[in-house]
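The values are calculated or read from the model by the stated rules, or taken from the named source; none is laboratory data. Since the model is a prediction, treat every value here as computed from it, not as a measurement. With ideal geometry, Cβ positions are generated from the backbone for all residues, glycine too; neighbour counts draw on all protein chains shown. These area figures cover heavy atoms from the full protein model, side chains too; ligands, DNA and RNA do not enter into them. Shrake-Rupley method; radii C 1.70, N 1.55, O 1.52, S 1.80 Å.
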Amino acid sequence: MAVAGPQEPTSSLADDLKALQGLLSNLHSQRLELRKQIKDLIDQLAPAPAPTSSSKSRLNVMTLNLQYFSSYPSDEAKAAKKLREATGVDEPSSAADVIAIQEGLASKDVLGQVGYDKVICSGAEGKAQSVREMVYGDAATLKICPPEYHDELLCNQIYIRRGSDWEVVDQGVEQISSKLRLKGGGNRVEGPLAIRSMVWAKFRKRGCEGFVYVMCAHITGGRFEDQYYIQQLSHERHEQPSRCVEFFQQRPDPKPQDVGILVGDFNALSEYDEGGPMSGYYKFGIATSEGVKSDAEAAGLEPEKIEEVFKDYMVSPFKALKRKGWRFAYGKEIGITSSFGHLIDHMAMSRPLEVAGVEIKYLTNQKMGDKEPDTDIVITDHNSVVVSFLV
């Protein structure tokens, strides 16, 4: 009996096999495409490798309070020489790129002659008052200020070094103070709170992603306004840097790589220590004020609470910035900037930046204690600070 050999598949079975092979081939192609899409998605979500220090761009920022030229030498050639040394302008690789000025005069430009161009001035933009108004007409202060400057506009300014790799994209001025009215009494004047403004400039460097916003402000405070601290000024000192932060947060066309640097005179140390400089200042310069005593009584403050309120008043700008997530570029480890032994000039960053260096430039001598002079040419009552940021 013969055995039947394998039979050819019927036409229907052959079609089914062919269709199955096509389906398997299509599934394989889809699997390869899906794997490619997943890899692309992972690559997009993965953080970009952090740039190394060598690939970052250096931006040198300087803060400088000119004390409305009350200590500025009459020999302007000697003063210009000191400014050249402080700014480092003759060494472009390490020179200050951007200078943030507090207590400058709208009518006086001493940085132009040493290689810097003015970017913005609060006086030119109508957000400033005269020296006389800013010191509340204090006779002792006006006595040490040249008479021809008494009615000149006291202002914040930003300068850029000629030849810097950084260029200005935009600039402006924002008023950051409130329309408060200070109550007099106890040998204090009565009237509106002096205007405080923030000047800003937007910078970029070729090859850098994002922009750097340098903002310069002089926060309410100092010996004229400290005697009114119980009159809502703690809140005012908290709100002024907060308004600077809000300006940066609301900038047009923001980019993730943008960074804000707030520079200026905060009229206080960042920390208030019992027995420290600010506590000593309170005990000898504020607590004895008849006006402060009157305000404390009106506010119903117990004696032991009066200094606590002053402490909150002094550190409120720092609390405000820290609550907003901003960080400071340096602290008390660098030394002091005021001629009274305090570190009151600060720089804060909207996000962490690598700080390649911090240097104090000595432009004043200490008035308290028997200390050796730091400089032979005094041009202000502040030392300057230069910070090298890697962006």
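Values computed for the structure shown
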| quantity | calculated |
| --- | --- |
| Segment 104-118, residues that are open to solvent by less than 30 Å² (accessible area, probe 1.4 Å) and either in contact (Cβ under 8 Å) with a residue 60 or more places away in the chain or outside any helix (DSSP H, G or I) (or both) | 104, 105, 110, 111, 115, 116 |
| Cβ pairs under 9 Å, 6+ apart, first in segment 319-332 and under 10 Å from residue 242 (Cα atoms), second open to solvent by less than 20 Å² (accessible area, probe 1.4 Å) and of a type in the set (D, E, K, R) | 320/237 |
| Some residue of segment 218-228 being more than 22 Å from residue 348 (Cβ to Cβ) and either in a helix (DSSP H, G or I) or of a type in the set (Gly, Ala, Ser) (or both) | yes |
| Any pair with Cβ under 6 angstrom, 6 or more apart, that starts in segment 122-134 at a residue that is touching a residue at least 12 places away in the same chain (Cβ under 8 Å) and ends at one that is assigned to a helix (DSSP H, G or I) and buried (at least 22 other Cβ atoms within 10 Å of the Cβ) | 131/68 |
| Top-ranked residue in segment 204-219 [being over 15 Å from the mean Cα position of the chain (by Cα) and not small (Gly, Ala, Ser); ranked as surrounded by the fewest Cβ atoms within 10 Å (Cβ to Cβ)] | 206 |
| Count of residues meeting criterion [at pLDDT 95 or above and open to solvent by 80 Å² or more (accessible area, probe 1.4 Å)] in segment 353-371 | 2 |
| Of residues in segment 237-257 being free of Cβ contacts under 8 Å to residues at least 60 places away in the same chain and closer than 24 Å to residue 218 by Cβ, the one surrounded by the most Cβ atoms within 10 Å (Cβ to Cβ) | 251 |
| Members of segment 108-142 found to be among the polar types (S, T, N, Q) and in contact with a strand residue (DSSP E or B) (Cβ under 7 Å, 6 or more places away or on another chain), listed by number | 122, 129, 130 |
| Failed item in (1) within 15 Å of the chain's Cα centre (by Cα); (2) more than 29 Å from residue 301 (Cα to Cα); (3) of a type in the set (D, E, K, R), with residue 239 passing the rest | (2) |
| Boolean, residue 234 is open to solvent by less than 60 Å² (accessible area, probe 1.4 Å), under 17 Å from residue 180 (Cα atoms) and over 15 Å from the mean Cα position of the chain (by Cα) | yes |
| Filter result for residue 228 (crowded, with 23+ Cβ neighbours inside 10 Å and hydroxyl-bearing (Ser, Thr, Tyr)) | yes |
| Filtered residues of segment 122-139 (kept if part of a helix (DSSP H, G or I) and either modelled with pLDDT under 95 or more than 16 Å from residue 70 (Cα to Cα) (or both)) | 139 |
| Long-range neighbours under 7 Å by Cβ, at least six apart or interchain, first residue among the aromatic types (Phe, Trp, Tyr) within segment 271-288, second in a helix (DSSP H, G or I) | 272/278; 272/279; 272/311; 272/314; 272/315; 282/307; 282/310 |
| Yes/no for residue 336 being touching a His at 6+ places or on another chain (Cβ under 7 Å), surrounded by 15 or more Cβ atoms within 10 Å (Cβ to Cβ), within 22 Å of residue 66 (Cα to Cα) and not polar (S, T, N, Q) | yes |
| Residue in segment 272-308 that is surrounded by the most Cβ atoms within 10 Å (Cβ to Cβ), counting only those that are modelled with pLDDT under 90, of a type in the set (Asp, Glu) and under 28 Å from the mean Cα position of the chain (by Cα) | 273 |
| Tabulated pairs, segment 63-84, first within 11 Å of residue 378 (Cβ to Cβ), second open to solvent by 30 Å² or more (accessible area, probe 1.4 Å) and in a helix (DSSP H, G or I), C-beta under 7 angstrom, 6+ apart or interchain | 70/144 |
| Segment 140-184, residues that are under 30 Å from residue 288 (Cβ atoms), touching an Asp or Glu at 6+ places or on another chain (Cβ under 9 Å) and not in a strand (DSSP E or B) | 177, 178, 180, 183, 184 |
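Each row is one residue, and each column tells you yes or no for (1) touching a Gly at 6+ places or on another chain (Cβ under 9 Å); (2) not in a strand (DSSP E or B).
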residue: 186; (1), (2): yes, yes
residue: 198; (1), (2): yes, no
residue: 207; (1), (2): no, yes
residue: 215; (1), (2): yes, no
